[in-house]
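Here the structure is laid out as structure tokens; the discussion comes afterwards.
The values are calculated or read from the model by the stated rules, or taken from the named source; none is laboratory data. Everything numeric here is computed off the predicted structure, so don't read it as measured data. Quick reminder, even Gly has a Cβ in these numbers, built from the backbone with ideal geometry, and neighbours come from all protein chains shown.
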Amino acid sequence: MSGRVVIAQSDTKSVHILANLFTDRGDNPQSVNAPQELPPLLTQDRPALLVIDLHLVVNGWQNTLQQISKQFPETKILFTSSFPDPLLETQIKERYQNPIILRQPFTRTELEQILQTFTTPPAPQRSSQATTKPKVRIPVRIKITLPYILLALILAMAAAYVVSQVVLDTIEERFTNQLIEAGKLTNDWMVQEEDRLLETLRLVAHTRGLPAALVEADAEELRQQVLPVAINYQEEAVHLLDMQGTSVLSLHHRQGANLEAYDASRGDTIFSRWDFVQPVLNQESSGGLDKYAGLARAPWGHYLYVTGPIVDDQGQQVGVVL
């Protein structure tokens, strides 16, 4: 299979790797960042293949993929996965018939093998005409002993099955109990971690002079006010956003470095697409609560974030803190 390829991935690194692999094959790859960009491309020049990240399917791409499957059945869909996610892969297999998944690390050999499955023709059916075979005479001794041998094999297989079921039931019960215990410990840790992050969030949001510096987009002033808090509480990442969801200041702790080693940046717009940030940007509250928590997959890593509003002295929201 060769021709035009459309690539939709949740991170730019995967886009570059896949684009290079398809370019080396002589294909014409093109990337998209949002589901609404895909239908116009299909209408203009239908690609032979759509390469999409599994995690995008549950983040707004589901309806677009269903529309593509109905209107453009000749366009093949190849799913990719940047890390193991058995639950998500099971959901994809339930929604799509015989989905093909390419897992990282992406290599030329594995890609060629997977693409070969799209182009391999069905195996020819065997002729229905029976071949005449000569009759074989079976000795009487074999006719007598063969039923007893088969009976012994059946009994042995039945015994092995019963024993294996007992052992498997015991192992499964232990495994289930361990999963339940691990789930309880994980829930307890999540609650404690959210409480800790909320404490840091309130301290940053109520820092004197921070709302004014955020309105003026003074990144240096914001860094001087927020960096000591991030160091003292050993936070891995702190982001200050304007009301459009654009980062005015982002602090990321360098892994393995000293406590005060933080990298500062600004201008990222990825936050406005996160489900737990949108309610804060829209100034929504649930039961009087205006702070939200969520897991995010970003180019700089996977993080548990807590987000809340930043208000000025008049009580007007001027931004968001993560």
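Selection of first residues in the stretch 1-23 that are in contact (Cβ under 8 Å) with a residue 60 or more places away in the chain and of second residues that are part of a helix (DSSP H, G or I) and surrounded by fewer than 16 Cβ atoms within 10 Å (Cβ to Cβ), restricted to Cβ pairs under 6 Å at least 6 apart or on distinct chains, gives the following pairs, ordered by first then second residue: Met1/Phe118; Met1/Thr119; Leu21/Arg108. If you go through the stretch 239-258 one residue at a time, do you hit one that is over 20 Å from Asn33 (Cβ atoms) and among the β-branched types (Val, Ile, Thr)? So far as the stretch 239-258 goes, yes, one or more of its residues are over 20 Å from Asn33 (Cβ atoms) and among the β-branched types (Val, Ile, Thr).
Within the stretch 266-281, the set of residues being among the polar types (S, T, N, Q) and either closer than 15 Å to Glu220 by Cβ or not in a helix (DSSP H, G or I) (or both) comprises just one member, Thr269.
Among the residues making up the stretch 1-51, those that are under 27 Å from Pro299 (Cα atoms) and among the β-branched types (Val, Ile, Thr) are Val5, Val6, Ile7, Thr12, Val15, Ile17, Thr23, Val32, Val51. For the stretch 45-66, state whether one or more residues are of a type outside the set (A, V, I, L, M) and farther than 22 Å from Ile92 by Cβ. Yes; the residues of the stretch 45-66 include at least one that is of a type outside the set (A, V, I, L, M) and farther than 22 Å from Ile92 by Cβ. When the stretch 276-302 is filtered for residues that are closer than 30 Å to Lys13 by Cα and among the aliphatic types (A, V, I, L, M), the ones remaining, listed by number, are Val277, Val280, Leu281, Ala293, Leu295, Ala296, Ala298. Residue count for the stretch 282-302 under the criterion of being assigned to a strand (DSSP E or B) and not basic (Lys, Arg): the result is 10.
Of all residues in the stretch 247-265, those satisfying the criterion of being surrounded by fewer than 16 Cβ atoms within 10 Å (Cβ to Cβ) and either assigned to a strand (DSSP E or B) or touching a residue at least 24 places away in the same chain (Cβ under 8 Å) (or both) are Leu259, Glu260, Asp263, Ala264, Ser265. Comparison of Gln225, Gln192, Gln278, Gln255 shows that the only residue that is modelled with pLDDT under 90 and touching a Gly at 6+ places or on another chain (Cβ under 9 Å) is Gln255.
May I ask you to list the residues in the stretch 81-106 that are of a type in the set (S, T, N, Q) and free of Cβ contacts under 8 Å to residues at least 40 places away in the same chain? Across the stretch 81-106, the qualifying residues are Ser81, Thr90, Gln91, Gln97, Asn98.
Checking Ser285, Ser272 one by one, the residue that is in contact (Cβ under 8 Å) with a residue 24 or more places away in the chain, among the small types (Gly, Ala, Ser) and over 28 Å from Asn232 (Cβ atoms) is Ser272 and no other.
Scanning the stretch 71-130 for residues being over 26 Å from Leu42 (Cβ atoms) and at pLDDT below 80 gives a total of 12.
For the stretch 62-80, does any single residue satisfy the condition of being of a type in the set (A, V, I, L, M, F, W, C), on the phi < 0 side of the Ramachandran plot, in a helix (DSSP H, G or I) and touching a residue at least 12 places away in the same chain (Cβ under 8 Å)?
Yes, because at least one residue in the stretch 62-80 is of a type in the set (A, V, I, L, M, F, W, C), on the phi < 0 side of the Ramachandran plot, in a helix (DSSP H, G or I) and touching a residue at least 12 places away in the same chain (Cβ under 8 Å).
Taken over the stretch 280-306, residues that are surrounded by 11 or more Cβ atoms within 10 Å (Cβ to Cβ) and within 22 Å of the chain's Cα centre (by Cα) amount to 13. Contact annotation: no residue pair with Cβ atoms under 9 Å, 6 or more positions apart or on different chains, pairs a residue in the stretch 138-159 that is loosely packed, with under 10 Cβ neighbours inside 10 Å with a partner that is modelled with pLDDT of 85 or more and of a type in the set (D, E, K, R). When the stretch 303-322 is filtered for residues that are part of a loop (DSSP other than H, G, I, E, B) and farther than 30 Å from Thr12 by Cβ, the ones remaining, listed by number, are Asp312, Asp313, Gln314, Gly315, Gln316.
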